[in-house]
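Undergrad: A single structure is presented below for examination.
Nothing in this text is a laboratory measurement; each read-out follows from the coordinates by a stated rule. A quick note: this is a predicted structure, and the numbers were derived from the prediction, not measured. No Cβ is skipped: glycine too gets one built from the backbone with ideal geometry, and neighbour counts run over all protein chains shown.
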Amino acid sequence: MVKYVGTPASGGLTLAKIKIVNRRIAGFKRVVLAPHREKALFNAAVILAKDEIKTLMEHASAQHQDILNFQVVMLDDEGLRNLILSQIEEQVGAARAVELAMEEYCDRMKNVGDEYLAQRASDIRDALTRVIDILDGRNRERFVLTEPCIIVADEILPSDLAVIDRKFAMGFITEGGSYHNHANIIARTTGTPSVCGVDSEILNPLNDGKMVAMDGYTGEVFVAPTEEITAIFHHKMSLEHRQSVKQQQLRDAVVRTAKGEEIAIYANCNDPKDIALAINNGAQGIGLVRSEILFMSTTYNLTLPSQIRFYTECIRAAKGHEITIRTFDIGADKPLENLNLEKEPNPALGMRGVRLMYSQPQLFETQIEALLVSADRCGKINVMIPMVCVENDIADYFEMVERVKERLFKEGTISRDNICWGIMIETPSAALISEELAKYVNFFSIGTNDLTQYVLAADRINTNAARYYNPAHPAVVKLIEMTVASAEKYGLKVSVCGESAADFESAKIYIDKGVRCLSMAQNAMLAIKERLIDEFSAL
Ligand code: PEP
Ligand code: MG
């Protein structure tokens, strides 16, 4: 047995077989042939890799197609090919030559210090790893799961999540990643245990197929657990199961403060499946649907009809409960390779969230149209805008909304405006001028993930800065208090939808400051309900 300890990123206990997915290893299984034969093998592998990528493109979303297309182009890139061929000339085997060239080329791209190029480097790495796998006779469809397993990977990219079959993914263990990266946010909303920042030794191919016991609460991972550890895990898992059965009884219970005020528990979701699960688990509403998931989906894409299908399915899955859809929040920790966004030295402080409407007006107009049509067809919805800092951005955004709405009314596409608008309060500026911003909207949703990062100048995905990242810090709480006061003054609803809404100690502080709605990953709802009910009934 070998024990590792990583960073707990999504709670839960699991015991299952390991599936290793490592993009960073090259194969050396073959005998190295003469350079001209290695070159021939390399050329044949490139042709096969391009064929495989083109086949993948047939079923990919429009955005994913762009990435795959880029990969095909890069496999013909002369500079890259020359790097590989010159290694082969030096008697290096084709697979190793591709790996060496890949490291050199991708490192160069990463070291430019440009977020966009760094992302492109991982696309190139993906394409070249396919070539290496072909040369080494390995399976290329890395995330195709056929049985329950725990994925042990170098990292899990948001696009990987789109192809992972949730019913077989029992857990994620990664060398890279952080609590706040997108893959782990999604793991928490789907209730999949996850541990990140684990020693790279765990990626040893010899671990593939071995049993592993993982504890997503503590970050402990046991490869090939002893009988004793296995028995302890079985015991803990049955306690966890018993606890969740007990918590299920709280499904319809209502949290009330000692003074009898109701605290609504809502869920943060990514798609209609999550929403159905959340409602089934007693969510009183859906406080956040992250619409940028459409960029990573293989089920939906960004065309108008597909977006309308996505939003209408989300609304219907909410079964008449309040639902809040957030407009695209792209950039910083949610980069998208396929939008050709301008390179920025500091993306967290750049053109992310609502600010992107200036460079991508068509993208935002289509989304507004899809939301207006969906609400017209299915009933009232809330829509909120992320990354608001200044009044001008909201005014410009609503000007766009008015333009789209007017056209749709004129065309007879919609007969009513069924959207209630709100904004996220997730920048210090938005909280400080929340009284001014209140004039434009009907509700505020406090995004403590970003608010904490911006207030405390602590990057949410930088583990080295984790000790500064505290959503219950008095500076963050002061801004929450200000936001609640502005909301009360202007009769707006206010909720907290950051991850800390599910943290008992933080939640208590927020409630104390007047927050009456907490929106969180659906698998955290019942546990926090239980603790809050215990807390308030003891007072
Ligand atoms: C937040 O910032 O708190 C939030 C809920 O949004 P996201 O995590 O998607 O940035
Ligand atoms: Mg945010």
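Undergrad: For a test of the definition: using alpha carbon positions, the gyration tensor, and the 1.5 limit on a/c, classify segment 35-136 as rounded, prolate or oblate.
TA: Here segment 35-136 falls in the oblate category.
Undergrad: Now a separate question. Using +1 on the beta carbon of Lys and Arg, -1 on that of Asp and Glu, and nothing else charged, what's the dipole of segment 262-319 about the Cα centre, debye to 20?
TA: Around 140 debye, computed over segment 262-319.
Undergrad: Among 501, 359, 253, whose Cα projects farthest towards the positive end of the dipole of segment 248-537, with charges put on the beta-carbon of Lys, Arg (+1) and Asp, Glu (-1)?
TA: Value computed over the given set: 253.
Undergrad: Could you tell me the convex hull volume per residue, in Å³, taken over the Cα atoms of segment 272-324?
TA: With only Cα atoms used, segment 272-324 gives 68 Å³ per residue.
Undergrad: Work out the charge dipole of segment 35-136 with +1 on the Cβ of Lys and Arg and -1 on the Cβ of Asp and Glu about the Cα centre, then indicate which of 88, 68, 109 is farthest towards its positive end.
TA: Going by the charge dipole, the pick is 88.
Undergrad: For each pair in 343/380; 167/478; 110/236; 167/513; 17/39; 19/110, compute the distance between the two Cα atoms and list the pairs where it is over 32 Å.
TA: 343/380; 167/478; 110/236; 167/513; 17/39
Undergrad: Can you sort 357, 400, 387 from fewest to most other Cβ atoms within 10 Å of each residue's own Cβ?
TA: In increasing order of surrounding Cβ atoms, one gets 400, 357, 387.
Undergrad: What share of Cα pairs, in percent, lie more than 23 angstrom apart in segment 256-368?
TA: Counting pairs separated by more than 23 Å, the tail of P(r) holds 39 percent.
Undergrad: In whole Å, what is the distance between the alpha-carbon centres of segment 368-420 and segment 483-539?
TA: The distance from the Cα centre of segment 368-420 to that of segment 483-539 comes to 28 Å.
Undergrad: Let me ask something else. Could you tell me the calculated FRET efficiency between residue 400 and residue 304, based on Cβ-Cβ distance and R0 = 22 angstrom, to the nearest 0.05?
TA: Rounded to the nearest 0.05, the efficiency is 0.90.
Undergrad: Given Cβ point charges of +1 (Lys, Arg) and -1 (Asp, Glu) and nothing else, what value in debye, to the nearest 20, does the dipole of the chain about its Cα centre take?
TA: Using Cβ point charges on Lys, Arg, Asp and Glu, the chain gives about 1200 debye.
Undergrad: On alpha carbon coordinates alone, what is the Rg over Rh value for the chain, Rh being the Kirkwood radius?
TA: 0.99
Undergrad: Also, quick follow-up: Angle check, please: helix 35-59 long axis (alpha carbons) against the longest principal axis of the chain (alpha carbons), in degrees 0 to 90, nearest 10.
TA: The two axes meet at around 30 degrees.
Undergrad: Now a separate question. Out of all Cα-Cα pairs in segment 448-539, roughly what percent, to the nearest whole number, are more than 15 Å apart?
TA: I get 61 percent for the Cα pairs in segment 448-539 exceeding 15 Å.
Undergrad: Quick one: 3J(HN,Hα) in Hz for segment 359-372, Karplus 6.51/-1.76/1.60 with θ = phi - 60°, rounded, Gly and Pro as x.
TA: Residue by residue, segment 359-372 yields 9, 10, x, 5, 4, 6, 5, 4, 5, 4, 4, 4, 5, 5 Hz.
Undergrad: When you have a sec, figure out the Kirkwood radius of segment 384-539 from all distinct Cα pair distances and drop it here in Å to one decimal?
TA: 16.8
Undergrad: Can you tell me the Rg and Dmax of segment 310-437, counting just the alpha carbons, in angstroms?
TA: Expressed in Å, the Cα Rg and Dmax of segment 310-437 come to 15.2, 45.
Undergrad: So what's the Cα pair-distance distribution over segment 248-537, bin width 5 Å, in %?
TA: Percent of pairs per bin, in order: 1, 5, 13, 16, 19, 18, 14, 8, 4, 1, 0, 0.
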